[in-house]
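Input: a single structure, listed below in structure tokens.
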Amino acid sequence: GENVEQHPSTLSVQEGDSAVIKCTYSDSASNYFPWYKQELGKRPQLIIDIRSNVGEKKDQRIAVTLNKTAKHFSLHITETQPEDSAVYFCVESGTSYGKLTFGQGTILTVHP
Amino acid sequence: DARVTQTPRHKVTEMGQEVTMRCQPILGHNTVFWYRQTMMQGLELLAYFRNRAPLDDSGMPKDRFSAEMPDATLATLKIQPSEPRDSAVYFCASGSNYGYTFGSGTRLTVV
């Protein structure tokens, strides 16, 4: 079945530094990889996604990379700001009718 | 912005009582998910529907949980009887193939 491993579980950076979160997945048929940000007490919100026919995608300070051969994908946040502090989830979606399988989450803390 | 609406936002109930959570997906979305979130287990998929048909409910305890979509504008998740271990935040999400949107969740406390 589908499985997503996410690392690290916690990440602490200084404002302005970069943050990288990595995930690996097991289902080689997975073809859609969104990332969600969840602030304390709020709902998960989609921040960026990538599909299997693309190796990299960027949106302002956020970028995702995908290596289908190695079955891993990463989230990169540059010039971090305190408001980036949240829990970030990687997700994979494969052939099971679009079912979303979440990683365990990374608690990102950006110190001013 | 279009929203997924969940009710109630908070629910406190006694063990053994029936709990019903409701979700109104975004108009036009044909896929609806129910997730449960706890500190220990993270986000767990309970059930999901496509075009109102249940596709996978393997993550749901069948003896006490049930999920339905009586029509395209309403999804329900029912727990009967509820137990303290069911205390969690229950999220509904809707979408069409890609780009799923979550509701604000129902925070359930079973005492």
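Taken together, the values in this text are just the output of simple stated rules run on the coordinates, not laboratory data. Values in this document were obtained by computation on a predicted structure and should not be read as measured data. A quick note on method: Cβ atoms are made from the backbone with ideal geometry, for glycine too, and the neighbour counts reach across all protein chains shown.
Here are a few things to note about the model shown:
- Of all DSSP beta bridges in the protein assembly as shown, antiparallel share, percent nearest 5: 90
- Relative contact order for chain A, counting Cα pairs under 8 Å that sit 6 or more residues apart, in percent: 37
- The ranking of B:CYS23, B:CYS92 from fewest to most other beta carbons within 10 Å of each one's beta carbon is B:CYS23, B:CYS92.
- When each of A:LYS68/A:LYS99; A:LYS22/A:LYS57; A:LYS99/B:LYS62; A:LYS42/A:LYS71; A:LYS42/B:LYS62 is checked by Cα-Cα distance, pairs over 21 Å: A:LYS42/A:LYS71; A:LYS42/B:LYS62
- Averaged over B:33-45, number of beta-carbon atoms from partner chains that fall within 10 Å: 3
- Gap separating the Cα centres of the stretch B:1-79 and the stretch A:27-56, nearest whole Å: 21
- Difference of contour (0.36 nm per residue) and Cα-Cα distance, B:ARG9 to B:ALA53: 13.3 nm
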